[in-house]
Amino acid sequence: MGFVRNCWYAAAWSSEVQEQPYHARIIGEHILLFRGEEGQVIALSDTCPHRFAPLHMGKIVGDTIECPYHGLRFNAEGRCAHNPFDPKTKLLAVRISAYPVVERDRFIWIWMGDAERADPALIPDFPWLNQTDVYTMSGEQIMRQPLDYELVLDNLMDLTHGQFVHPTTLGNESIATGALKTRQEGTRVYSDRWNPDGDAPALFVLPGVVQAGDKVDYWNEMRWDPPGAYYLEVGVTLAGRPREEGHFLGSVHMLTPVDEENCVYRYLLFRTFQPGNDEVTRSLEELANYAFRSEDEPMIKAVQDRMAGRAFWDMKPVVLKTDHAGILVRRTLEKLKQMEMAD
Amino acid sequence: MGFVRNCWYAAAWSSEVQEQPYHARIIGEHILLFRGEEGQVIALSDTCPHRFAPLHMGKIVGDTIECPYHGLRFNAEGRCAHNPFDPKTKLLAVRISAYPVVERDRFIWIWMGDAERADPALIPDFPWLNQTDVYTMSGEQIMRQPLDYELVLDNLMDLTHGQFVHPTTLGNESIATGALKTRQEGTRVYSDRWNPDGDAPALFVLPGVVQAGDKVDYWNEMRWDPPGAYYLEVGVTLAGRPREEGHFLGSVHMLTPVDEENCVYRYLLFRTFQPGNDEVTRSLEELANYAFRSEDEPMIKAVQDRMAGRAFWDMKPVVLKTDHAGILVRRTLEKLKQMEMAD
Amino acid sequence: MGFVRNCWYAAAWSSEVQEQPYHARIIGEHILLFRGEEGQVIALSDTCPHRFAPLHMGKIVGDTIECPYHGLRFNAEGRCAHNPFDPKTKLLAVRISAYPVVERDRFIWIWMGDAERADPALIPDFPWLNQTDVYTMSGEQIMRQPLDYELVLDNLMDLTHGQFVHPTTLGNESIATGALKTRQEGTRVYSDRWNPDGDAPALFVLPGVVQAGDKVDYWNEMRWDPPGAYYLEVGVTLAGRPREEGHFLGSVHMLTPVDEENCVYRYLLFRTFQPGNDEVTRSLEELANYAFRSEDEPMIKAVQDRMAGRAFWDMKPVVLKTDHAGILVRRTLEKLKQMEMAD
């Protein structure tokens, strides 16, 4: 399948990269992330060009990383700045890849393609993640999954599997009847569902939100930016009332491909209701964890095993009308890959 | 090596397919078996053509299976009979493979090839399996083995490895001296050994059979039908007396290839002696289990590992006269495969 | 990468091959070693040519091995000397490979190439191993490592990784400053380091050797013979005094490739100091074991994983001056392989 290179991948939560060298594998490449003396994040190839030792097993020395095998040191540009066996001669011609990185909205973003095109303005915006005064937030979650990230993209963009895969957690028979609206703006894809005048989903039956028996308008809105950045908002308001009077649960879902069969799934939940209530926070985290790890992941893994390495389109999938948003996501990624190949 | 397709494979014991969907992998294909409302067995491809979820993870709904991922339902013909997101439009053009199945002699037989040639008359006969009033039977045994089934075929058709691989269980020095007679009728192969006037094998030294010290005529008779159906009869009668006066232990051995490196081995023992004696039944089961699992399987696995994926004939095996029956089995299978390729 | 064939590999310590058949995998081949009636070592292909059973699972019968599956027996020449199903006809045309073997200096040496070239004079000499009256020796050590032996050759020939990989065990900052002298004699490569007038390494601060604070001359001398035979001598003498007045720790390191990703590393330590002191022996064994297993092996494994099957030179390694000896070893092996291919 291959990967898009000229785009910003979420390499890690900012909090994952602290005192120690951090190893990430992204689209098959071994990456080293570490912080220099000013706290700035440096991203280099993780493989020493001398004897191929993983640099993240070494030590941070100032703004350089020291190879654990023979002590060569590499700076933020990837140049060899120190050879312990011949300290007078710097081996500056010896160079490893350095990657553009930006720290924003709690994530470290890395550009895997042509460095000259690395425009930070292309990073999708997640302003909510900084508004800890406005929203009550879950912890930063990390799941390492033995999954092709494109299958996880399908799953996330798909608002129809809930009643089958999550019948008692996220699913809801009534949701299946809501109108699905899909639209695209540039490379961004939206999939919105609007269920007016229905029963309140159990999730929102809480003091200060809605009461059991209330009729509500209910929205599920998903936004995707390539390669794997999702914002999902699920909310309710009393039937016929403005959305501003209601409440919502927002969530950020960040998929980073490790290789063609593995990915890292980072997510975080935030909400407008029951502010500061740790018990609600914990129970939402548990619900999400159960749904993602014990319901979605085994299903996607079963699909991946069944595909046995064959490409999605080669398997001639039946396409339903309700797959529209997911198909747009796949087509957008494919277009980006083709454009890069044509470059 | 490849597999014969136009033949009946034993997919399962009838008893294995009850209320729940049943997943079988046969000659590399994922098969779903389930029972419809009348108890009839339905066999379909186990892969949903929409997003490739394994259908056996879903639910049986009447005479259909419901996909666990998005709820599409497939009927006995493999046609999509229900789309939950658009119930009015049946997607009958969407179709998965349906396989001919027959339930007979305690087994579910499946035809993996061209459905038009699926003649139930081609199923080999195992009448003993229904004669519970005549014979005392062991339980139905199932062993999942990490073995190429052709190597297990070799092992079963080979009456000469006993004294080396089963020295204290099934082996018997005297057996090695008996005359081996091999013959073929159509695709059926027989290998018979007749040891007249020898010592009674320990297995039969039981009240009502023979006594230690008796001289007996002893027979070992193996019958094979492609692809993997064996009937073995081992019996004794007092030296010179008709076989009808003696006793025998019959057994059915049913090999089903999962893929080129795995198979399922189902077997059952039945006998004419010590009727209804559970202790004898249990001790025969234990003996057979030990011999097959702890003596044969490790030996065959060691051979398979040593072959390291190379084809049998490419390794230029030395062929002994005593290999005649096993070689006939291999040659018959090869001829059947060649005929299919020529079709 | 491939392997040199026309050379003597250390197949095992002599003590490893006793009453039982011994299985060794060397340069990808399955080898059987066993002792005949006079105690002589016999080396054959471990695969029965009849049904490919591993012969080492069988029994030694006189000067022959009996196959565990059907009882064929093979003699020291690899000829089939007995067929139990037809004892009168010897199948002497049936033959498996027999390998030249020599038992010398505590090792069993095997010649994997053209038997006519198997000259025992080509076996590298390790006279120290027989001089138990002169030296105090450790036990014979065996490590089975999931490592490409060429990467272990690099590691052993490299006297510069100590301060980074073994900072508290074998490493020593002062060693890094010593002059490295590399030389080659035929296919033998030497790498010697001489550190005059430095602090005594902790290893040698022992009664009867040197005292803390003593200034010493310190030598590290490595000798390699293809394919994987190392002799290392590490010694000290008081600064300016003849080496004969000092003491040394010798060690033999014998690398045998199992296949392209695995090897067996056998080693033994011996010394001139603290003779007969078991506590010193045990503590040296522990030090070496820790350094080789817990420091070197994980580093080499990390390198091997990072190489992901790519060839060393294809990865365009940066070569430092201090790599000279290791590169000579690699070049010598490559030349030997090329010569064999040209044959």
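Would you mind calculating the relative contact order of region C:19-172 from Cα pairs under 8 angstrom and at least 6 residues apart, reporting the percent as a whole number?
Across region C:19-172, relative contact order equals 12 percent.
Compute the distance from the alpha-carbon center of region A:88-114 to that of region A:54-79, in whole Å.
Going from one Cα centre to the other spans 13 Å.
Explain nothing, just compute: Karplus ³J(HN,Hα) = 6.51 cos²θ - 1.76 cosθ + 1.60, θ = phi - 60°, for every residue of region B:68-75 in order, whole Hz, x for Gly and Pro.
Karplus values, whole Hz, x for Gly and Pro: x, 8, 10, x, 4, 10, 10, 9.
Between beta-carbons, use under 11 Å as the cut-off and find the net charge around C:M1, counting Lys and Arg +1, Asp and Glu -1.
With Lys, Arg at +1 and Asp, Glu at -1, the neighbours total -4.
Defining a contact as two alpha carbons under 8 Å apart and six or more residues distant in sequence, what relative contact order in percent does region C:127-342 show?
Result for region C:127-342 is 27 percent.
Work out how far the C-alpha atoms of the protein assembly as shown reach from end to end along every principal axis, then list the three figures in whole Å, largest first.
Per principal axis, max minus min of the Cα coordinates gives 100, 99, 51 Å.
Ordered shortest first, which distances in nm separate the 7 Å Cα→C-beta label point of B:G39 from those of the other copies?
When each copy's label point is compared with this one, the spacings are 7.5, 7.5 nm.
Using the alpha-carbon centroid of each, what span in Å lies between region A:231-304 and region A:190-225?
14 Å
Any idea what the B:E16 label distances to the other copies are, label 7 Å down the Cα→Cβ vector, nm, shortest first?
Nearest first, the other copies' label points are 4.2, 4.2 nm away.
Treating the point 7 Å from Cα along Cα-beta-carbon as the label, what are the nm separations from C:K90 to the other copies, to one decimal?
Nearest to farthest, the other copies are at 7.8, 7.8 nm.
Looking at the square roots a ≥ b ≥ c of the eigenvalues of the Cα gyration tensor of region A:9-80, which shape do they give, rounded for a/c under 1.5, prolate if a/b is larger than b/c, or oblate?
Oblate is the answer for region A:9-80, as a/c is 1.5 or above yet b/c matches or exceeds a/b.
Within region A:304-318, list the residues whose amide N lies under 19 Å from a label point set 7 Å along Cα→Cβ of B:H23.
A:304-310
Just to check I understand the Karplus step: with θ = phi - 60° and J = 6.51 cos²θ - 1.76 cosθ + 1.60, what whole-Hz values come out for region A:126-138, glycine and proline as x?
Values per residue, Gly and Pro as x: 10, x, 4, 5, 9, 8, 5, 7, 8, 10, 9, 10, 7 Hz.
When you look at the Cβ of every residue in B:19-30, what mean number of other chain Cβ atoms sits within 10 Å?
Going residue by residue through B:19-30 and averaging, the value is 0.
Quick one: if you stick a label point 7 Å off each Cα along the C-beta vector at C:R144 and C:D197, how many nm between them?
Using points 7 Å along Cα→Cβ, the separation is 5.2 nm.
Run the Debye formula on the Cα coordinates of region B:103-255, all scatterers equal and no solvent, and tell me log10 I(q)/I(0) at q = 0.18, 0.19, 0.20 1/Å.
Values returned for q = 0.18, 0.19, 0.20 Å⁻¹ are -1.27, -1.37, -1.46.
Over 18 Å between Cα atoms, which of B:K59/B:K88; A:K90/C:K321; A:K321/B:K90; B:K321/C:K90; A:K88/C:K321; B:K301/C:K301 qualify?
B:K59/B:K88; B:K301/C:K301
If we count every other residue with Cβ under 9 angstrom of A:G113's Cβ, Lys/Arg +1 and Asp/Glu -1, where does the sum land?
Value of the local net charge: 0.
List C:W13, C:W194, A:W111 from most exposed to least, where exposure is judged by having the fewest other Cβ atoms within 10 Å.
Final ranking by Cβ density, sparse to dense: C:W194, C:W13, A:W111.
Please identify the DSSP H helices in chain A that span no less than 18 Å along the helix axis (Cα) and have a mean Kyte-Doolittle hydropathy of -0.5 or more.
Within chain A the helices that satisfy the rule are A:324-342.
Can you tell me the order of A:1-8, C:71-78 when each peptide is scored by its average per-residue count of other Cβ atoms within 10 angstrom, highest first?
Ranked by mean Cβ neighbours within 10 Å, highest first: C:71-78, A:1-8.
Which whole number in µm²/s is D for chain B by Stokes-Einstein, with the Kirkwood Rh taken over Cα pairs at 4 °C and 1.567 mPa s?
D, rounded to a whole number, is 59 µm²/s.
Helix-only estimate, please: 222 nm mean residue ellipticity of the protein assembly as shown, summing -39500 (n - 2.57) across DSSP H runs of length 4 or more and dividing by its residues, to the nearest 500.
The helix-only estimate for the protein assembly as shown comes to -5000 deg cm²/dmol at 222 nm.
For a quick check, take a GNM of chain C with Cα springs below 10 Å and name the residue from C:P100, C:P54, C:P242 with the largest mean-square fluctuation.
Between C:P100, C:P54, C:P242, it is C:P242 that shows the largest mean-square fluctuation.
When Cβ neighbours within 10 Å are restricted to other protein chains, what is their mean count per residue of peptide A:48-60?
5
Work out the mean other chain Cβ neighbour count within 10 Å for the residues of B:156-167 and drop it here as an integer.
3
Looking at region A:222-325, I'd like the Rg to Rh ratio, where Rg is from alpha-carbon atoms and Rh is Kirkwood's inverse mean 1/r.
Using only Cα positions, Rg/Rh for region A:222-325 is 1.04.
Would you mind calculating the relative contact order of region C:32-105 from Cα pairs under 8 angstrom and at least 6 residues apart, reporting the percent as a whole number?
Reported relative contact order: 26 percent.
With +1 on each Lys and Arg Cβ and -1 on each Asp and Glu Cβ, how big is the dipole of the protein assembly as shown about its Cα centre, in debye rounded to the nearest 20?
For this selection, approximately 1700 debye.
With respect to the symmetry axis carrying chain B onto chain A, which residue of chain B exhibits the smallest Cβ distance to that axis, and what is the value in whole Å?
Chain B residue with minimal Cβ-axis distance: B:G309, 10.
For the charge dipole of chain A, defined by +1 on Lys and Arg C-beta atoms and -1 on Asp and Glu C-beta atoms about the Cα centroid, which residue among A:S15, A:Y69, A:A288 has the Cα displaced farthest towards the positive pole?
A:Y69
Using only Cα atoms, what Kirkwood radius does region A:275-343 have, in angstroms?
The Cα-based Kirkwood calculation yields 15.5 Å.
I need the semi-axes of the equivalent ellipsoid of region A:40-106: take the C-alpha gyration tensor, multiply each eigenvalue by 5, square-root it, list largest first in whole angstrom.
21, 12, 11
Near the amide H of C:K215, under 5 Å away, which other amide H atoms are found, from residues 5 or more places off or on another chain, if H is placed in the peptide plane?
C:A239
What is the fewest-to-most order of C:H253, B:H23, A:H247 by other Cβ atoms lying within 10 Å of their Cβ?
Placing the least packed residue first, the sequence is B:H23, A:H247, C:H253.
Please give me the summed charge of the neighbours of C:P49: other residues whose Cβ is under 9 Å from its Cβ, Lys and Arg +1, Asp and Glu -1.
With Lys, Arg at +1 and Asp, Glu at -1, the net is +3.
Each value in this text was obtained by applying a stated rule to the coordinates, not by laboratory testing. Just so it is clear, the structure is predicted and the values come from calculations on it, not from any experiment. For neighbour counting, all protein chains shown are included, and Cβ atoms are generated from backbone atoms with ideal geometry for every residue, glycine included.
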